[in-house]
Amino acid sequence: STKPVRIAVTGAAGQVSYALLYRIASGEMLGKDQPVILQLLELPNEKAQAALKGVMMELEDCAFPLLYGMEAHSDPAVAFKDTEYALLVGSRPRGPGMERTELLAANAQIFTAQGKALDAVASRNVKVLVVGNPANTNAWIAMQSAPSLPRENFTAMLRLDHNRALSQLAARMGKPVSLIKCLAVWGNHSSTMYPDYRFASMEGESVKDIINDDAWYKDVFLPTVAKRGAAIIEARGQSSAGSAATAVIDHMRDWVMGTQGRWVTMGVPSNGEYDIPKNVVFGYPVTCSGGKYTIVEGLKFDDEFSQDRIERTLAELISEQDAVKHLL
Ligand code: NAI
């Protein structure tokens, strides 16, 4: 269609957005035929708004044919007006000496307000992706604060974990990433997530059997994926931005355009799949088609290791919910 769609991006002057906005405007997310209008939200302070203006000047200087319009906002109730896609990237980072509960509370406030704003003014079909951490719990808060919108339209980003896991497996096998199918990452976007290769295959063979090295899987692979964010900070002095933006593009493009049967990982509200309590935003393997995702069901959890990993990541999500429940 040639009618432009409205895409809201929060934290628009931050570093993930700096790697993301140009790619959205060039058509990488929604396709080369889909014009876009960017509705950019930043904190109201002068510094953030000035930085946002600078980003918009650069976007203008790209002369993107698909970029039909841009708006700078400081109020979510205006920024989210009629938006069909909401990429919630901005959140409150952990400050020096800040307790986990303080961090959760600060974000609860942000995502309650943003959920309410989406509920009030966004398109009734808005697809929401929460990137800002703690991403799963922030998505849950926004969803709870937007009762008139479809629950299933609130998602959290686990695609970066999925992509990291894919690359590590491909490197270990010396094969291209594109040959690996049916990888899953379960749970929270945090170090408790469970990158699970039990169902993964490559050219019809089990990835687990090809690698055939349980010690590598448990002692090298899992910690490498879990600590990858910290390793990037250590190396670069800043947190992942280019890879995070790529994961945003992948998550949204697959959700909208479909995966043709391929599994990808999305954080989505549970309907009880795999005994995860309803509404917990949990990383699941999904397939996408016709603008909808479907959780891959029927996978067996018959080993203690996997059961334990699922329980651990679920316990963390429940404790995050418990810490903010009273604020909703
Ligand atoms: P950043 O600090 O460079 O940018 C964040 C921006 O958000 C800042 O410009 C800030 O002013 C803005 N902001 C803060 N609160 C806001 C609010 N209430 N409304 C609108 N804007 C607001 O951070 P960066 O590197 O861009 O990361 C953004 C978030 O994404 C962080 O929470 C980070 O932890 C998370 N992240 C999540 C990943 C995932 O895989 N789920 C991967 C990478 C980053």
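Just so it is clear, none of the values below were taken in a lab; they were calculated from the coordinates. Keep in mind that what you see is a predicted model, and the values were worked out from it rather than measured. FYI the Cβ positions are ideal-geometry reconstructions off the backbone, even for glycines, and counts take in every protein chain you see.
Using helices alone, what [θ] at 222 nm do you get for the chain, with -39,500 (n - 2.57) per DSSP H run of 4 or more residues, divided over all residues and rounded to the nearest 500?
It comes out at -12500 deg cm²/dmol, rounded to the nearest 500.
Can you sort TRP186, TRP255, TRP216, TRP140 from fewest to most other Cβ atoms within 10 Å of each residue's own Cβ? Let's see the in-between values first.
Numbers: TRP186 25, TRP255 22, TRP216 13, TRP140 28.
Listed from fewest to most nearby Cβ atoms, that is TRP216, TRP255, TRP186, TRP140.
For the ranges 277-284, 90-97, 101-108, what's the packing order if you count other beta-carbon atoms within 10 Å of each residue, average per peptide, and put the highest first? Intermediate results must be reported in sequence, preceding the final value.
Working: 277-284: 21.6, 90-97: 13.4, 101-108: 17.9.
With the highest mean Cβ count within 10 Å placed first, the list reads 277-284, 101-108, 90-97.
If you keep only loop residues by DSSP, which GluC sites (Glu not before Pro) in the stretch 144-209 have at most 10 other Cβ atoms within 10 Å of their Cβ?
Sites meeting the loop and neighbour criteria: GLU203.
By the gyration tensor of its Cα atoms, with a ≥ b ≥ c the square roots of the eigenvalues, what is the shape of the stretch 229-279: rounded for a/c under 1.5, prolate for a/b over b/c, or oblate? Kindly include the intermediate steps, with their values, before the conclusion.
Details: a/c = 3.27, a/b = 1.56, b/c = 2.09.
Oblate, since a/c reaches 1.5 and b/c is not below a/b.
Among DSSP beta bridges whose residues both lie in the chain, state the antiparallel percentage, nearest 5. Write out the running numbers ahead of the final one.
Details: 19 of 42 bridges.
Expressed as a percentage, antiparallel bridges in the chain total about 45.
Please compute the Cα-Cα pair-distance distribution of the stretch 178-258 with 5 Å bins starting at 0, giving whole percents from short to long.
Going from the shortest bin to the longest, the percentages are 3, 12, 16, 22, 21, 16, 8, 1, 0.
Report Rg (one decimal) and Dmax (nearest whole number) for the chain, counting Cα atoms only, units Å.
Cα radius of gyration and Dmax of the chain are 19.3, 56 Å respectively.
Just tell me which aspartates and glutamates come within less than 13 Å, Cα to Cα, of LYS278; anything on the same chain fewer than 8 places away is out.
GLU152
Hey, which of these cross-link pairs are over 23 Å Cα-Cα: LYS208/LYS292; LYS32/LYS181; LYS181/LYS218; LYS181/LYS300; LYS175/LYS208; LYS3/LYS32? Spell out each step's value before the answer.
Working: LYS208/LYS292 30 Å; LYS32/LYS181 27 Å; LYS181/LYS218 20 Å; LYS181/LYS300 17 Å; LYS175/LYS208 14 Å; LYS3/LYS32 13 Å.
The pairs that break the limit, which is 23 Å between Cα atoms, are LYS208/LYS292; LYS32/LYS181.
Filter the chain for me: DSSP H helices, axial length by Cα at least 15 angstrom, mean Kyte-Doolittle hydropathy not below -0.5. List them by residue number.
On the way: long enough: 15-25 (16 Å, 0.77); 46-61 (22 Å, -0.29); 100-121 (31 Å, 0.27); 159-173 (21 Å, -0.62); 242-257 (22 Å, 0.29); 304-324 (30 Å, -0.58).
Membrane-span-like by this rule: 15-25, 46-61, 100-121, 242-257.
Treat the stretch 9-146 as a sphere of radius equal to its Kirkwood radius over Cα pairs and apply Stokes-Einstein at 37 °C in a medium of 0.692 mPa s; give the translational diffusion coefficient in µm²/s, rounded to a whole number. Mind dumping the intermediate values first?
Details: Rh = 15.3 Å.
Answer from the Stokes-Einstein relation: 214 µm²/s.
Could you tally the net charge around GLN34, taking each other residue with its Cβ under 14 Å from the Cβ of GLN34, Lys/Arg +1 and Asp/Glu -1?
Spelling it out: positives minus negatives among the neighbours equals +3.
Going through the stretch 229-328, which GluC sites (Glu not before Pro) have at most 12 other Cβ atoms within 10 Å and a DSSP loop state?
Numbers: sites: GLU234, GLU273, GLU297, GLU304, GLU311, GLU316, GLU320; in loops: GLU297.
Those satisfying the criteria are GLU297.
Using a cut-off of 12 Å between beta-carbons, work out the net charge of the residues near PRO147 (Lys and Arg +1, Asp and Glu -1, PRO147 not included). Before the final figure, lay out the partial values.
Details: positive: LYS116, ARG151; negative: ASP119.
Counting the neighbours of PRO147, the net charge comes to +1.
Translational diffusion coefficient of the stretch 74-178 at 10 °C, 1.306 mPa s, Stokes-Einstein with Kirkwood Rh over Cα pairs, in µm²/s as a whole number.
Working: Rh = 14.9 Å.
The Stokes-Einstein estimate is 106 µm²/s.
Plugging the Kirkwood radius over Cα pairs into Stokes-Einstein for the stretch 258-309, at a temperature of 20 °C and a viscosity of 1.002 mPa s, what D comes out in µm²/s? Mind dumping the intermediate values first?
Working: Rh = 11.8 Å.
Answer from the Stokes-Einstein relation: 181 µm²/s.
Report the charge-dipole magnitude of the stretch 110-215 in Debye, nearest 20, computed about the Cα centre from +1 at each Lys and Arg Cβ and -1 at each Asp and Glu Cβ. Could you put the intermediate results ahead of the total?
Details: 11 positive and 9 negative charges, 79 e Å.
In debye, rounded to 20, the stretch 110-215 gives about 380.
Trypsin sites (Lys or Arg not before Pro) within the stretch 117-201: which are DSSP loop residues with at most 11 other Cβ atoms inside 10 Å? Write down the numbers at each step before the final one.
On the way: sites: ARG124, LYS127, ARG151, ARG159, ARG164, ARG172, LYS181, ARG198; in loops: ARG124, ARG198.
Hits after loop and neighbour filter: ARG124.
Hey, any idea what the orientation-averaged projected area of the convex hull of the stretch 3-89's Cα atoms comes to, in nm²? Provide the component values of the computation, followed by the final result.
Numbers: hull surface 19.6 nm².
Mean shadow area of the hull around the Cα atoms is 4.9 nm².
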